[in-house]
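Readers should treat all values here as calculations from the given coordinates under stated rules, not as data from a laboratory. Model, not experiment: these values are computed from the prediction. We place every Cβ from the backbone using ideal geometry, glycine too, and count neighbours over all the protein chains shown.
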């Protein structure tokens, strides 16, 4: 017997695989995805993260790897850095391109649940 929720999950995975092949869908790896979600969730909760907050996330990757992935996400225009008023701290914020990325994933979730 097939489980409804597992079937929805697998439909979502298939839809996501198709979406990832689209030229408009940013190509990001697993670490970049985790970082982007962390940034977006914190921003959504009105507590944007500092670069230092992300560098301390050993559960994601090493500091050097995180630094490199933040640079790549910035280069892909998925995140932006905003300096604090005194310039000593840098906040990491998602961009409209990141919001579009999450919207496309959300559409896949909705479609998977309706199929």
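Restricting the stretch 44-86 to residues that are touching a residue at least 24 places away in the same chain (Cβ under 8 Å) and out of contact with any strand residue (DSSP E or B) (no Cβ under 9 Å at 6 or more places or on another chain), the residue that is surrounded by the most Cβ atoms within 10 Å (Cβ to Cβ) is 69. For the stretch 82-109, the set of residues classified as assigned to a strand (DSSP E or B) and within 15 Å of the chain's Cα centre (by Cα) consists of 92, 93, 94, listed by residue number.
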